[in-house]
Amino acid sequence: MSEEKHNPREDELFMITIIRMNGIPLAKMKVHPEQTVGELTHAIKVAAQATELDLLLAFDSEVLDVDEMLHEAGLYEGCSVTAIRFPELFIAATYDDGVTKIWSAESGECERTLAGSVDAAVTAVSFAPTGLSLILGCMDGAVGLWSVPTGNLIREYQGHGAPIFAVAASPNGKLMATGSSDRTAMVWDFNTGRCLKVFNGHRGSINCLAFAPDSKSVGSGSEDATLKLWSVDGKTRDINMSGHQGSIQAVAFSPQGKALSSGSLDGNVKVWSVKGHLDWSLPSPGCSVCALGYSPDGMNLAVGGTDGNCRIWSVGTGSNILTIECNFGYPGNIKSVAFSPAGTLLATGSQDGSLNIWSSQTGQLKHQMQAHVPDGQLRPSGVFAVAFSAGPVPPQPGARLNQKKKANQMSSVN
């Protein structure tokens, strides 16, 4: 049953609940419809005796503009507003029992659990650029967009009829892409859920994909050992790349967009130009490669393997500058790696259920997240995928109001 909304009159005080990212209530407050979001934010900080904190307020999966009045922001009697400390680093991890957890990378505490929301293992995850929503892909072929502040399903993307192995949000925030064992990659309108492109051509499951930094192309790696570069806007030709002898498990664009790296079960990591030429290969680590991730400056490449180690390579010299024993000497596939937005931290997720955050400079363990053990089970669920987010981005003052005015003008014209 949907929540009944009571929109207050201009002169009527109404009650709202302020909650944390993990859903725990902080306070109930009576507010005025013509109070601004900035004034509400200040009142929250004063009540919490934390006036030095930088806070963002989110409602209905959007960060509120400090210049908006509360009635303009759509707040109503009994609604919940999420208070988010800014900036704060979050990491999302998906588990093979269908649970997704969002952790604070600073405290190591779980901030939000999406449990029981799906009926199959969550195999892929990507934060939207705003940091307020999360794309999840599942073994049952479902793709959903979930609100980080509320934990609710916002939208579903329906088109694949087989397990989803890869999802990605475009850097410009307008598109998302999915890769499936049905051998297709699809590009979607992020906001409407409409499928814009279907890419066919692989002869095996699409295991991994990534958007180029300019959002104009998508790279995909397949079980058929080939790598493809698809044009999203149709202005350039699609490119096929071959050279691996085993299933490609990971792809990653360099932050500058000039190179695309691929990692395979054949134990090799290859770096290609976006024109389709093989530039160079890393020395084989002696095990299959499951995960790749560039540092934000593009100078280092993290490689996760089936031997339980994550190796960081210098892109400039091609040398191994750091090896992290993620499973503390025990074997186990490193299924996913991700650098933090600043590049100082590295997250690794393993098949044995471990989720760890390391210093990318020294390899020192910073946080070891509590393993997720399903009810009635003795062993932890394996970690399928990890993703970092610097948290929500504050909008430019007046930006949301201007967008609403434009939308109203368009609707009046139509």
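Quick notes on this one:
- Ligands, DNA and RNA are left out, and with a 1.4 angstrom probe the accessible area of the chain is 45 Å² per residue.
- Projected label distance in nm at Asn200 and Ala43, using a 7 Å step from Cα toward the beta-carbon: 5.8
- Over 26 Å [Cα-Cα, the stretch 244-401], rounded percent: 29
- Projected area averaged over orientations for the stretch 57-140, convex hull of C-alpha atoms, nm²: 6.8
- A Förster radius of 35 Å, combined with the Cβ-Cβ distance separating Ser242 from Gln377, puts the computed FRET efficiency at roughly 0.25.
- Summed side-chain charge close to Gly38 - residues other than Gly38 whose Cβ falls under 10 Å, Lys, Arg +1, Asp, Glu -1: -4
- Interatomic Cα distance distribution for the stretch 196-243, bins of 10 angstrom, percent: 27, 59, 15
- In units of the rule-of-thumb radius 2.2 N^0.38 Å, the stretch 224-269 shows an alpha carbon radius of gyration of 1.22.
- Approximate spin-label separation Lys258-Ala120, in nm, with each point projected 7 Å along Cα-to-Cβ: 4.1
- Within the listed set Ser247, Ser133, Ser273, the Gaussian network model of the chain (springs between alpha-carbon atoms below 10 Å) gives the highest mean-square fluctuation for Ser273.
- Dimensionless Rg ratio for the stretch 132-190, taking C-alpha atoms and the 2.2 N^0.38 Å reference: 1.06
- Given in Å, the Rg to one decimal and the Dmax to the nearest whole number for the Cα atoms of the chain are 22.1, 71.
- Solvent-accessible area assigned to carbon and sulfur over the chain amounts to 49 percent, based on a 1.4 Å probe.
- Seen from Arg112, the other residues with C-beta closer than 10 Å to its C-beta sum to a net charge of +1, counting Lys and Arg as +1 and Asp and Glu as -1.
- For the stretch 145-215, share of DSSP beta bridges that run antiparallel, in % to the nearest 5: 100
- Extension gain from Trp280 to Cys110, taking 0.36 nm per residue of separation minus the Cα-Cα distance: 57.2 nm
- Less than 5 angstrom separates the built amide H of Leu89 from those of Ala105, Glu106, all sequence-distant by 5 or more or on a different chain.
- For the stretch 260-360, the Cβ-based charge dipole about the Cα centre amounts to some 180 debye (Lys, Arg positive; Asp, Glu negative; other atoms uncharged).
- Annotation for Lys28 and Met15: the two label points, set 7 Å from Cα along the Cα-Cβ direction, are 0.3 nm apart.
- The chain - share of DSSP beta bridges that are antiparallel (%, nearest 5): 95
- Alpha-carbon Rg with Dmax, taken over the stretch 160-221, Å: 10.7, 30
- Sequence of Thr184, Thr323 when ordered by accessible area, the most exposed leading, probe 1.4 angstrom: Thr323, Thr184
- Calculated P(r) of the stretch 128-260 - Cα pairs past 22 Å, %: 31
The values are calculated or read from the model by the stated rules, or taken from the named source; none is laboratory data. None of the values given here were measured: they were computed from a predicted structure. In this analysis, Cβ positions are derived from the backbone assuming ideal geometry, glycine residues included, and neighbour counts consider all displayed protein chains. What goes into the accessible areas is simple: the full protein's heavy atoms, side chains included, and nothing from ligands, DNA or RNA. Shrake-Rupley method; radii C 1.70, N 1.55, O 1.52, S 1.80 Å.
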